[in-house]
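*Asks:* There's a structure below that I have some questions on.
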Amino acid sequence: MRHEKATKLLDLARLLASTSEGLTLDEMAQAMEVGRRTAERMRDAVWAAFPQMESIEDPPTRRFRIPSGLDSLFQTPTAEELAALRTAADSNAAAGAEGRASALYALEGKLLSALKGSARRRVAPDVEALVQAETIAVHAGPRPYEDQGVLAQIRSAVKGLTALSFRYDGGSQPGRTRKVTPLGILFGRSNYLVSLEGSDPRPRTFRLDRMAGVEALDAPASPPADFSLQAFADESFGIYHGEIEDVVLRIKPERAEDALRWRFHSNQVVERGPDGVVTVSFRASGMLELAWHLFTWGDAIEIVSPESLRQRMIEELEKALAAHRSSPA
């Protein structure tokens, strides 16, 4: 128990040393998953161990930070942390996300080079042992497109709040050059640029593998102040956006345990009835992608609502059935 408390105090110290604006007591409590009184006691304990910590007035509250950072003794990464970093890099590489994989491998190299020789020699064998004992299961599916040049231009435009130009070989007018306000990138089974085009206030998505001649322009283009990329992503089951609908699904008792461990959507509500049936409800758009996913559950799931999803599922099943019942050529 004492060891766990000491670890949490060091975690809090690292948080306080990694922020420039500081943390309030409420933010400390939320980050450490403790009550406000416990957070206050932890702050005092950290302050006693690191007297360089300072208090910043931020009416109606105060913020706290450790401005000069922590001694390298407290910042040395563990074998488990380095192994997790390597696993994340390998996972991205296996999935075809070469850009993110390269960034993580480079970060691993910087962390190792920053370690003193004795610390590096001590941690390296454990890292290799953990890496050898863990591997990545590669699933079938599209390999995400991550051209370093394309990502660099998009990120340059996002950081500089400038417009982005590219030729798009998709949509209703393939080959047309577009000028957009970039809002961010959605990484997934396929990678998409989220942006605004023209006077349309609705964000649009463009697949990165269909973009060519990508260039950050010297023209100001700021995203709306109230736009949240995470909120935009949460609106849809997948990438495709449309009308947001109330979805209710029922899962049979024999697949209840699977359903209880499954996340259909970030805002889902899951209930298990006395008969063992699990009911999942959430609000989302993207009924076509949801129908594709529900097909993998076979007859274990019943679509209660909306009717549009039920009809979409029937249409997709009929198409697949017709294709497989036709005589082979």
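*Asks:* To the nearest 20 Debye, how big is the dipole of the range 146-255 about its Cα centre, given +1 on the beta carbon of each Lys and Arg and -1 on that of each Asp and Glu?
*Replies:* 240
*Asks:* Same structure, new question: With an 8 Å cut-off on Cα pairs and a minimum separation of 6 or more residues, tell me the relative contact order of the chain in percent.
*Replies:* Relative contact order for the chain comes out at 10 percent.
*Asks:* Taking one equal scatterer on every alpha-carbon of the chain, how large is log10 of I(q)/I(0) by Debye at q = 0.08, 0.14 1/Å?
*Replies:* -0.60, -1.36
*Asks:* Determine, from the Cβ-Cβ distance of GLU318 and ARG283 and an R0 of 25 Å, the FRET efficiency 1/(1 + (r/R0)^6), rounded to the nearest 0.05.
*Replies:* 0.40
*Asks:* Once both labels are modelled 7 Å past Cα along the beta-carbon direction, what's the THR61-VAL304 spacing in nm?
*Replies:* In this crude label model, THR61 to VAL304 measures out at 3.8 nm.
*Asks:* Projected onto the charge dipole of the range 93-231 (+1 at Lys/Arg Cβ, -1 at Asp/Glu Cβ, origin at the Cα centre), which of SER199, SER165, THR177 gives the Cα projection farthest towards the positive end?
*Replies:* Projecting each Cα onto the dipole axis, the largest value belongs to SER165.
*Asks:* Still on this model: Mind checking which of SER165, SER118, SER285 has the largest fluctuation in a GNM of the chain, springs on alpha carbons under 10 Å?
*Replies:* Of SER165, SER118, SER285, the Gaussian network model singles out SER118 as fluctuating most.
*Asks:* First compute the accessible area of the chain with a 1.4 Å probe, then give the percent of it belonging to carbon and sulfur atoms.
*Replies:* 52
*Asks:* Probe of 1.4 angstrom, ligands and nucleic acids ignored: what's the accessible area per residue over the chain, in square angstrom?
*Replies:* With the other protein chains kept in place, the chain gives 60 Å² per residue.
*Asks:* On to the next question. Projecting each Cα onto the charge dipole of the range 1-74 (Lys/Arg +1, Asp/Glu -1 at the beta carbon, about the Cα centre), which of ALA45, LEU70, MET28 comes out farthest on the positive side?
*Replies:* Highest projection toward the positive end goes to ALA45.
*Asks:* For a quick check, take a GNM of the chain with Cα springs below 10 Å and name the residue from MET313, MET53, MET287 with the largest mean-square fluctuation.
*Replies:* Answer for the Gaussian network model of the chain: MET53.
*Asks:* Output ³J(HN,Hα) for the range 26-40: one whole-Hz value per residue in order, computed from phi by the Karplus curve 6.51 cos²θ - 1.76 cosθ + 1.60 with θ = phi - 60°, and x for Gly and Pro.
*Replies:* Listing the rounded values in order: 5, 5, 4, 4, 5, 5, 8, 6, 9, x, 4, 5, 5, 4, 5 Hz.
*Asks:* With Rg and the Kirkwood Rh both taken from Cα atoms, where does Rg over Rh land for the range 25-76? Can you show the working numbers first?
*Replies:* Values: Rg = 11.8 Å, Rh = 11.9 Å.
Rg/Rh: 0.99.
*Asks:* Over the alpha carbons of the range 1-117, what is the largest minus smallest coordinate on each principal axis, giving the biggest first in Å?
*Replies:* That gives 48, 32, 29 Å along the principal axes, largest extent first.
*Asks:* May I pose another question? So what's the angle, to the nearest 10 degrees on a 0 to 90 scale, between helix 98-114 and the longest Cα principal axis of the chain?
*Replies:* The helix 98-114 is inclined about 10 degrees to the chain.
*Asks:* On to the next question. State to the nearest 20 debye the size of the charge dipole of the chain about its Cα centre, where the only charges are +1 on K and R beta carbons and -1 on D and E beta carbons.
*Replies:* On the way: 41 positive and 46 negative charges, 142 e Å.
Result for the chain is approximately 680 debye, rounded to the nearest 20.
*Asks:* To make sure I understand the rule: partners must be lysines, Cα under 22 Å from the Cα of LYS179, and not fewer than 8 residues away in the same chain. Which ones qualify?
*Replies:* LYS159
*Asks:* I've got another one for you. Kirkwood hydrodynamic radius of the range 73-119 from all distinct Cα pairs, in Å?
*Replies:* Value: 11.2 Å, from the Cα pair sum.
The values are calculated or read from the model by the stated rules, or taken from the named source; none is laboratory data. On a predicted model such as this, the values are computed, not experimentally measured, just so you know. Note that we place each Cβ from the backbone using ideal geometry, even for glycine, and neighbour counts take in every protein chain shown. Side chains are part of the model used for accessible areas, which takes the heavy atoms of the whole protein and leaves out ligands, DNA and RNA. Shrake-Rupley method; radii C 1.70, N 1.55, O 1.52, S 1.80 Å.
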